[in-house]
Amino acid sequence: MYAQALDQKDKAPSVVEDPEHLARFEARCAAEEKIEPKDWMPEGYRRTLIRQISQHAHSEIIGMQPEGNWVTRAPSLRRKAVLLAKIQDEGGHGLYLYSAAETLGISREELYEQLLSGRAKYSSIFNYPTLTWADMGAVGWLVDGAAIMNQIALCRCSYGPYARAMIRICKEESFHQRQGYEIMLTLAKGTPAQKEMAQDALNRWWWPCLMMFGPPDAVSEHSQESMRWKIKRFSNDALRQKFIDATVPQGHYLGLTFPDPDLKFNEATGHWEIGAIDWSEFKRVLSGDGPCNRQRMRHRRQVEADGAWVRDAARAHAEKRAAREAAAKIAAE
Ligand code: 3HC
């Protein structure tokens, strides 16, 4: 997430929509109808979806990097196979999501260009390093746990292709979350050094995971409109609270301590309450100055350049095949 991403909001002029079309569209959203690619939609709805779905796709693709860091060092063949499968799933999620974004009239090339030029965002969480094996546990348990909390709601999003893509993604994310928790459980029940490693991972990942849900509702610029259009079903703070309530007991079961002296259960509300989130850290990461922003983008650009010959070869092969088929068709006539 580079600095310029913050300044490069969609600067396209706002479009004056036909009031009748708009009223019908708003009524369809209110009636929980699915909006499909060929249906009329306001330009703002289309732009919001492209922004959100592409940010989501980029997150899946960049999110492969922190885990890729541990493939060669996974502690057993089983762990390596599981980790590889999980990373492959993330790549698949990115591809479904790019396809969903393409139904809104933007090309794959344009989406990639937005990521590589730093104009598009990806999730803040993937700008943190994975320092020990326990981070593979914490990423699965907490990062995928947070992702799934947000994404279950997206299965009911008003835009059909996005909602349908999320169903399979959520099934796979659920496996990812469990495999992460199982790693944490193994470490937490292991030697004191292993438990310490699990605790250290929780200490480093807890707060950044809470930031994944986005800024507080009071300053979330897109929430109100996205909720009216049924793109978002819950606000950022509501999902963050759901995640906290689900995750704190899981951490306690592991015998771990959350890095928050103010964490307490409120008997009256039935919710866990947390201390203040350091939003200045979130802003720093979004502006391109997180621990790994530069490294993540450098790696992504390098991979894109390294893969150019594969794309060229595939294109040449497809052209050759099409020419051969066309020639065979003419010969047969
Ligand atoms: N990281 C980076 N940017 C973030 C962010 C985060 N964690 N949270 C919010 N932002 C950005 C928004 O994109 C927006 O910036 P923009 O106007 O330049 O696009 C700005 O901060 C204001 O935030 P809003 O709350 O107004 O933005 P949204 O209404 O879009 O809500 C969201 C943010 C909740 C992340 C929403 O976009 C969403 O639900 N996205 C889909 C899910 C997603 O992208 N998840 C990312 C993680 S995927 C993942 O973890 C992969 C898995 O395999 C682990």
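Okay, here's what the table says:
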| item | result |
| --- | --- |
| Count - residues of the stretch 121-134 that are within 13 Å of the ligand (Cβ to nearest atom) and part of a helix (DSSP H, G or I) | 4 |
| Residue 157 in a loop (DSSP other than H, G, I, E, B), within 17 Å of the chain's Cα centre (by Cα), touching a residue at least 12 places away in the same chain (Cβ under 8 Å) and closer than 29 Å to residue 28 by Cβ | yes |
| Tally of residues being surrounded by 15 or more Cβ atoms within 10 Å (Cβ to Cβ), over 23 Å from residue 297 (Cβ atoms) and out of contact with any Leu (no Cβ under 7 Å at 6 or more places or on another chain) across the stretch 103-119 | 1 |
| Given (1) within 11 Å of the ligand (Cβ to nearest atom); (2) crowded, with 20+ Cβ neighbours inside 10 Å; (3) part of a helix (DSSP H, G or I), number of the condition residue 170 does not satisfy | (2) |
| Candidates 105, 190, 118, filtered to the one that is under 26 Å from residue 307 (Cα atoms), at pLDDT 95 or above and not in a helix (DSSP H, G or I) | 105 |
| Residue in the stretch 233-273 that is farthest from the chain's Cα centre (by Cα), counting only those that are touching a residue at least 24 places away in the same chain (Cβ under 8 Å), under 26 Å from residue 186 (Cα atoms) and in a loop (DSSP other than H, G, I, E, B) | 255 |
| Selection from the stretch 24-70 of residues that are small (Gly, Ala, Ser), part of a helix (DSSP H, G or I) and loosely packed, with under 14 Cβ neighbours inside 10 Å | 27, 30 |
| Answer residue from the stretch 39-51, given it is of a type outside the set (D, E, K, R) and out of contact with any Cys (no Cβ under 9 Å at 6 or more places or on another chain) and is farthest from the ligand (Cβ to nearest atom) among those | 40 |
| Residues of the stretch 292-308 satisfying the condition of being touching a helix residue (DSSP H, G or I) at 6+ places or on another chain (Cβ under 7 Å), more than 14 Å from the ligand (Cβ to nearest atom) and not basic (Lys, Arg) | 299, 304 |
| Candidate set from the stretch 72-89 (those that are without any contact (Cβ under 8 Å) to a residue 40 or more places away in the chain and within 16 Å of the ligand (Cβ to nearest atom)); member that is surrounded by the most Cβ atoms within 10 Å (Cβ to Cβ) | 87 |
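For (1) near the ligand (Cβ under 10 Å from one of its atoms); (2) in contact (Cβ under 8 Å) with a residue 40 or more places away in the chain; (3) part of a helix (DSSP H, G or I); (4) not hydrophobic (A, V, I, L, M, F, W, C), each residue gets a yes or a no:
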site: 140; (1), (2), (3), (4): yes, yes, yes, yes
site: 147; (1), (2), (3), (4): yes, yes, yes, no
site: 165; (1), (2), (3), (4): no, yes, yes, no
site: 184; (1), (2), (3), (4): no, yes, yes, no
site: 202; (1), (2), (3), (4): no, yes, yes, no
site: 205; (1), (2), (3), (4): no, yes, yes, no
site: 218; (1), (2), (3), (4): no, no, yes, no
site: 224; (1), (2), (3), (4): yes, no, yes, yes
site: 231; (1), (2), (3), (4): yes, yes, no, no
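The values are calculated or read from the model by the stated rules, or taken from the named source; none is laboratory data. In this text the structure is predicted, and so the values were computed from the model without any measurement. Using ideal geometry, Cβ is built from the backbone for each residue, glycine included, and neighbour counts are taken over all protein chains shown.
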